[in-house]
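Visitor: Got a structure here, written out as structure tokens. Questions coming.
The values are calculated or read from the model by the stated rules, or taken from the named source; none is laboratory data. Keep in mind that what you see is a predicted model, and the values were worked out from it rather than measured. Using ideal geometry, Cβ is built from the backbone for each residue, glycine included, and neighbour counts are taken over all protein chains shown.
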């Protein structure tokens, strides 16, 4: 699977605000193999730092756990250093992309322009399961149990799922896994078509 290179990423948040990042997990894939992984807790930006009971129930992270954790600007630099030139892959990429951008906004720093690919969209297109949540995708692909909503575990299983789908369908690059959408050619609406005035 030469050329299948990416970094899987997963965030957890303290509350419903997308910028309230409190954990990140990363898994680096080189030529279809997970070669490195890392995860750590993050102190959410002050303006969105309150932990909601519902979020604590989901991921188990509490305010005391992040008291000495690095702030977002430092964490962002670590994330970008880990990923290098890789595109990111996330299970429900719109969420993880919005967390990255939201955390930057809440921290008063510019958000980097980094490409994201979505493994939910990939699974929906190629697996056709009743549910495309990460545990269901992992089970369907025979990947075994993992700690759902643990950022590090989620990132690793996301990476493994993408590699498994790539092998299953003989799609050995990101370009074939996520082909670029063909631009739509607009022919205009007949209702508003120009007409030539009668002579």
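Visitor: Here is a check on your reading of the model: is residue 175 at pLDDT 95 or above, over 15 Å from the mean Cα position of the chain (by Cα) and surrounded by fewer than 19 Cβ atoms within 10 Å (Cβ to Cβ)?
Guide: Criteria not met by residue 175.
Visitor: Another question about this same structure. Return the total of residues in region 15-48 being under 30 Å from residue 163 (Cβ atoms) and either without any contact (Cβ under 8 Å) to a residue 60 or more places away in the chain or in contact with a strand residue (DSSP E or B) (Cβ under 6 Å, 6 or more places away or on another chain) (or both).
Guide: Residues in region 15-48 being under 30 Å from residue 163 (Cβ atoms) and either without any contact (Cβ under 8 Å) to a residue 60 or more places away in the chain or in contact with a strand residue (DSSP E or B) (Cβ under 6 Å, 6 or more places away or on another chain) (or both): 20 in total.
Visitor: Criterion first (over 15 Å from the mean Cα position of the chain (by Cα) and within 23 Å of residue 178 (Cα to Cα)) does residue 66 satisfy it? Talk me through it step by step, then tell me what you get.
Guide: On the way: over 15 Å from the mean Cα position of the chain (by Cα): yes; within 23 Å of residue 178 (Cα to Cα): no.
Against the criterion (over 15 Å from the mean Cα position of the chain (by Cα) and within 23 Å of residue 178 (Cα to Cα)), residue 66 does not qualify.
Visitor: How many residues, within region 2-41, are within 14 Å of the chain's Cα centre (by Cα) and either modelled with pLDDT under 95 or not in a strand (DSSP E or B) (or both)?
Guide: 1
Visitor: Let me ask something else about it. Quick one: would you say residue 96 is buried (at least 19 other Cβ atoms within 10 Å of the Cβ), touching a strand residue (DSSP E or B) at 6+ places or on another chain (Cβ under 6 Å) and assigned to a helix (DSSP H, G or I)?
Guide: Spelling it out, residue 96 is indeed buried (at least 19 other Cβ atoms within 10 Å of the Cβ), touching a strand residue (DSSP E or B) at 6+ places or on another chain (Cβ under 6 Å) and assigned to a helix (DSSP H, G or I).
Visitor: To continue, here is another question. Would you confirm whether any residue within region 154-167 is surrounded by fewer than 19 Cβ atoms within 10 Å (Cβ to Cβ) and not in a helix (DSSP H, G or I)?
Guide: Among the residues of region 154-167, not one is surrounded by fewer than 19 Cβ atoms within 10 Å (Cβ to Cβ) and not in a helix (DSSP H, G or I), which makes the answer no.
Visitor: Of everything in region 115-130 that's out of contact with any strand residue (DSSP E or B) (no Cβ under 9 Å at 6 or more places or on another chain) and part of a loop (DSSP other than H, G, I, E, B), which residue is surrounded by the fewest Cβ atoms within 10 Å (Cβ to Cβ)?
Guide: It comes out as 130.
Visitor: Shifting gears a bit: Check residue 51 against each of (1) touching a strand residue (DSSP E or B) at 6+ places or on another chain (Cβ under 7 Å); (2) surrounded by 13 or more Cβ atoms within 10 Å (Cβ to Cβ); (3) not in a helix (DSSP H, G or I) and name the one condition it does not meet.
Guide: Going through (1) touching a strand residue (DSSP E or B) at 6+ places or on another chain (Cβ under 7 Å); (2) surrounded by 13 or more Cβ atoms within 10 Å (Cβ to Cβ); (3) not in a helix (DSSP H, G or I) one by one, residue 51 breaks only (1).
Visitor: In this structure, is residue 9 closer than 22 Å to residue 121 by Cα, in contact with a helix residue (DSSP H, G or I) (Cβ under 7 Å, 6 or more places away or on another chain) and surrounded by 16 or more Cβ atoms within 10 Å (Cβ to Cβ)?
Guide: yes
Visitor: If you go through region 134-153 one residue at a time, how many are touching a residue at least 40 places away in the same chain (Cβ under 8 Å) and either farther than 21 Å from residue 35 by Cβ or outside any loop (DSSP other than H, G, I, E, B) (or both)?
Guide: So the first thing to find is which residues in region 134-153 are touching a residue at least 40 places away in the same chain (Cβ under 8 Å), and the list is 134, 137, 149-153.
Then drop every residue that is not either farther than 21 Å from residue 35 by Cβ or outside any loop (DSSP other than H, G, I, E, B) (or both), which leaves 134, 137, 149, 151-153.
Final tally of qualifying residues: 6.
Visitor: Given (1) over 19 Å from residue 176 (Cα atoms); (2) modelled with pLDDT of 95 or more; (3) surrounded by fewer than 19 Cβ atoms within 10 Å (Cβ to Cβ), where does residue 144 come up short, assuming only one miss?
Guide: (2)
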